[in-house]
Amino acid sequence: MAGRAGRALILVENLSVPLDRRVWQESTALRQAGWEVHVICPKGTKQDTEAEIVIDGVHIHRYPLRAATGGPLGFVQEYGSALWHTFRIARRLGPFHVVHGCNPPDLFFLVALAMRWRGTRFVFDQHDLVPELYLSRFGRGRDLLYRGVLLAERLTYRTADVVIATNESYRRIAQTRGGKRPQDVFTVRSAPVVERFHQVPPDASARRGKPHLLCYLGVMGPQDGVDYALRSLARLRDEHGRTDWHAVFVGGGDTFDAMVALSRELGLGDCVEFTGRIPDEDLMRYLSTADVCLSPDPLNPLNDVSTMNKVMEYMAMSRPIVSFELREARVSAGEAALYAPANDESEFAKLIARLLDDPEERRRMGEIGRERVAGPLSWEHSRTALLAAYEAAMRRR
């Protein structure tokens, strides 16, 4: 592979780098394999704010971007601005052997097409199924914008020399809906950096005087189920009489303020804490103290077939999980989680109560999860698949 290494341009829009852990793992893996790696991404708000920086040999180029507000038209404006900045920076950086586009949006094929006359290959890294994301987030049905989203995905598949899928469900869709040959689709699972997620001494103060700590880690968007988690916690209190817990919700997103308001409406203001995004040292402290971790993503067209990063990170920290019954959640967590029927908040609460009462089961589930992310779901397997995808792309004519 090292003999074929060249210049790679990675494009990502929905997070800055290295905050986007998957993109950062891919970038450093390629750099270690001999590639000259450039990343174009938006600036962060509190971190990743430099316009130009080199970290561990990876060249990062960032642009200012205002996050979408409102409905789908806000995302059209956001994606249009991101695409303009991406073209502007890519033109300045010169030719590349590979353009590696991470969605959403499904628009980076346009950058690859502009370079194709120079022999540039296009690797499509499908982080999300954007048509399913549209249906799950906006509830507008299969309207004109949905058909536009499908068209963008179809053109992305058609342009791609190879596709990188995050799990086997996405891989099947790339072959069926995308029409890609099996040998051109590679499964590169998102995996936590085990060295980053490490146990630290539990911090009793994080429990705020209660015997147990519950933890949620992740994005807070309309499809992420934080509202389901909060209503489940209200049922844990009301239906099971449990007030022996404190819950911390770590992360941010465009429903953050609404979720804080919902917690107060449910009377949870004194037992639920929202931290926003926090440094790794604080995250390790909360996760090392947590008795049960929450994965409340509801069943919808996107979540059922998506791998949730938080599930992998909970397992890396040896934490037991309560999840709704989702196809890929079970593939990832296996026996490291308990599964409530889809979107059943009462059963979700019941499973939390069950784990709070069974420390031995919590310990057993945590050990299973840690073994999974250190073994069959580890990044080393994904790294091998990533380099194989690049090699396949470079063989294409």
Among the candidates 328, 347, which residue alone is assigned to a helix (DSSP H, G or I), acidic (Asp, Glu) and open to solvent by 30 Å² or more (accessible area, probe 1.4 Å)?
347
Which pairs have Cβ atoms under 6 Å, sit 6 or more apart or on different chains, and link a residue in the stretch 359-380 that is within 12 Å of residue 337 (Cβ to Cβ) to one that is of a type in the set (A, V, I, L, M) and part of a helix (DSSP H, G or I)?
362/355; 365/336; 368/336; 369/315; 369/336; 372/315
Quick test of your reading of the structure: residue 301 fulfils all but one of (1) part of a strand (DSSP E or B); (2) modelled with pLDDT under 95. Name the failing condition by number.
(1)
Can you tell me which residue in the stretch 117-141 is farthest from residue 157 (Cα to Cα), limited to those that are more than 24 Å from the chain's Cα centre (by Cα) and touching a residue at least 12 places away in the same chain (Cβ under 8 Å)?
118
Since residue 76 meets every condition but one in (1) part of a loop (DSSP other than H, G, I, E, B); (2) closer than 26 Å to residue 307 by Cα; (3) at pLDDT below 95, which condition does it not meet?
(1)
When only residues in the stretch 79-107 that are assigned to a helix (DSSP H, G or I) and of a type in the set (D, E, K, R) count, which is surrounded by the fewest Cβ atoms within 10 Å (Cβ to Cβ)?
92
For the stretch 160-168, state whether one or more residues are buried (at least 18 other Cβ atoms within 10 Å of the Cβ), out of contact with any helix residue (DSSP H, G or I) (no Cβ under 6 Å at 6 or more places or on another chain), modelled with pLDDT of 95 or more and under 29 Å from residue 217 (Cβ atoms).
yes
Scan the stretch 194-221 and report the pairs whose first residue is under 14 Å from residue 293 (Cα atoms) and whose second residue is crowded, with 19+ Cβ neighbours inside 10 Å and of a type in the set (D, E, K, R), with Cβ atoms within less than 6 Å and a gap of 6+ or a chain change.
212/291; 213/207; 213/291; 217/310; 218/310
Got a sec? Which of 301, 320, 279 is surrounded by fewer than 19 Cβ atoms within 10 Å (Cβ to Cβ) and in contact with a helix residue (DSSP H, G or I) (Cβ under 6 Å, 6 or more places away or on another chain)?
301
State all residues of the stretch 272-288 that are of a type in the set (S, T, N, Q) and within 19 Å of residue 321 (Cα to Cα); if no residue qualifies, say none.
288
Of (1) farther than 18 Å from residue 7 by Cβ; (2) assigned to a loop (DSSP other than H, G, I, E, B), residue 110 satisfies all except one. Which?
(2)
Counting only strands (runs of 3 or more DSSP E) entirely within the stretch 3-70, those with at least 1 residues that are over 19 Å from residue 84 (Cα atoms), open to solvent by less than 50 Å² (accessible area, probe 1.4 Å) and touching a Lys or Arg at 6+ places or on another chain (Cβ under 6 Å) are 36-42, 58-63
Any idea which residue in the stretch 127-151 is most open to solvent (accessible area, probe 1.4 Å), counting only those that are in a loop (DSSP other than H, G, I, E, B) and at negative phi?
142
Out of the stretch 19-37, which residues are more than 21 Å from the chain's Cα centre (by Cα) and in contact (Cβ under 8 Å) with a residue 40 or more places away in the chain?
33, 35
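Every residue, every condition in (1) assigned to a helix (DSSP H, G or I); (2) on the phi < 0 side of the Ramachandran plot; (3) among the aliphatic types (A, V, I, L, M), yes or no:
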position: 297; (1), (2), (3): no, yes, no
position: 334; (1), (2), (3): yes, no, no
position: 364; (1), (2), (3): yes, yes, no
position: 382; (1), (2), (3): yes, yes, no
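The values are calculated or read from the model by the stated rules, or taken from the named source; none is laboratory data. Just so it is clear, the model here is predicted, and its values are computed rather than measured. No Cβ is skipped: glycine too gets one built from the backbone with ideal geometry, and neighbour counts run over all protein chains shown. For the accessible areas, the whole protein counts, side chains as well, though only heavy atoms, and no ligand, DNA or RNA atoms are used. Shrake-Rupley method; radii C 1.70, N 1.55, O 1.52, S 1.80 Å.
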